[in-house]
Amino acid sequence: MVTLLDGRAIAAQVLAEIAVRATTFAAQTGRPPGLATVQAGANAASSWYVRQIERACRRANVAFALTTLPADCAPDAPVRAVAALCSQPDVQGIIVQQPLPAQVVLADVIAALDPHRDIDGLHPLNAGLLAQGRAGAIAPATPLGGLELLRRAGLPINGQHVVIVGRSAVVGRPLALLLLAEHATVTVCHTRTRDLAAITRQADILAVAAGRPDLITATMVKPGAAVLDFGINEVAGQVVGDVAADVKAVAGWLTPVPGGLGPMTNAMLLHNLLDAAERQLA
């Protein structure tokens with residue numbers, strides 16, 4: 001029988017630990033660690049995510065601030081907003097909500113971030129440090145959440161064959177680097193991989209982040225494998241992942257959607273914030 005990996009419960013553990021660290025930081029500095037978010041436009045999914053982050057901040061004794069810009073803002077308005085936040089001493093971490101309006105160049109906004117406050121791990125400096133396996137790299141929160149979930153569930157990573165389906169800069173690629181650092185053997189696939197099923201069936205750990213509902217079915221999973229479903233898709237008014245329901249009959253461990261990796265993303269975002277805040281004190 002499959003064991004569901006309860007992301008909500010593990011995220012609650014992480015947030016409780018972060019709250020202790022945040023209280024210590026506040027005692028040392030006279031103010032709580034601060035997270036600032038920049039949002040341009042009124043994308044419904046983005047607004048929902050912002051609310052979830054604010055809720056996690058309240059639970060973890062972290063100050064939260066939101067800068068909102070209209071969808072028709074000037075192309076450089078988000079850049080200026082980010083630059084202004086980087087100069088504020090009560091802001092230790094900054095995230096930029098996506099998607100941005102069409103007239104805004106994401107790369108320009110990310111370049112304006114202080115890499116030491118880039119708690120989403122998107123700045124080229126952080127991406128480069130992660131690629132080189134160097135200390136001090138801030139990794140994107142979503143793949144970091146997947147790694148932490150495996151660790152806290154007690155699942156082995158060292159020596160395991162991990163197959164990742166998805167090659168995005170925010171999930172698939174950084175996840176591969178994080179797992180390589182844990183001594184896993186990593187294969188990265190995507191939706192254009194030939195005979196995808198033949199490769200996914202080899203995985204001790206299968207991580208799916210392709211953005212396609214029901215992409216992975218039971219016939220594509222090795223019996224007893226751990227399956228991490230990073231997918232968030234809306235189908236007929238319901239949120240579903242990239243992994244079909246029949247995988248429960250084959251997998252040994254599985255992250256549910258919702259309730260799996262989503263809560264872990266928010267928790268690890270605040271983990272990154274506290275790491276950044278404590279480094280800024282040093």
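The values are calculated or read from the model by the stated rules, or taken from the named source; none is laboratory data. Quantities reported herein were computed from a predicted structural model and do not represent experimental measurements. Glycine also receives a Cβ, built like all others from the backbone with ideal geometry; neighbour counts cover every protein chain displayed. Each accessible area value is taken on the protein alone, full model and side chains, heavy atoms only, with ligands, DNA and RNA left out. Shrake-Rupley method; radii C 1.70, N 1.55, O 1.52, S 1.80 Å.
Brief remarks follow.
- In this Cβ point-charge picture (+1 for Lys and Arg, -1 for Asp and Glu), the stretch 1-119 has a dipole of about 420 debye about its Cα centre.
- Rg to Rh quotient for the stretch 77-143, alpha carbon positions, Kirkwood Rh: 0.97
- Cα convex hull, the stretch 27-123: 87 Å³ per residue, rounded to a whole number.
- What the chain shows is 45 Å² of accessible area per residue, with the surface traced by a 1.4 Å probe over protein heavy atoms.
- Under DSSP loop assignment and at most 11 Cβ neighbours within 10 Å, longest trypsin sites (Lys or Arg not before Pro)-free interval of the chain: 1-133
- Per-residue ellipticity at 222 nm from helix content only, as computed over the chain with -39500 (n - 2.57) for each DSSP H run of at least four residues, stands at -12500 deg cm²/dmol.
- The chain - Kirkwood radius from inverse mean 1/r over Cα pairs (Å): 19.4
- Charged-residue dipole, Cβ positions (Lys, Arg, Asp, Glu), the chain about Cα centre, Debye nearest 20: 300
- Gyration tensor verdict on the stretch 178-225 (Cα atoms; rounded if a/c is under 1.5, prolate if a/b is larger than b/c, oblate otherwise): prolate
- Against the chain, whose longest principal axis comes from its Cα atoms, helix 44-59 is set at around 70 degrees.
- Think of the chain as a dipole: +1 on every Lys or Arg Cβ, -1 on every Asp or Glu Cβ, centred on the Cα centre; then among ILE18, VAL96, LEU129, ILE18 lies furthest on the positive end.
- Angle of helix 7-29 to the longest C-alpha principal axis of the chain, folded into 0 to 90 degrees and rounded to 10: 20°.
- Debye-formula intensities of the stretch 1-74, expressed as log10 I(q)/I(0) at q = 0.16, 0.27 Å⁻¹, are -0.71, -1.17 (one equal scatterer per alpha-carbon, no solvent).
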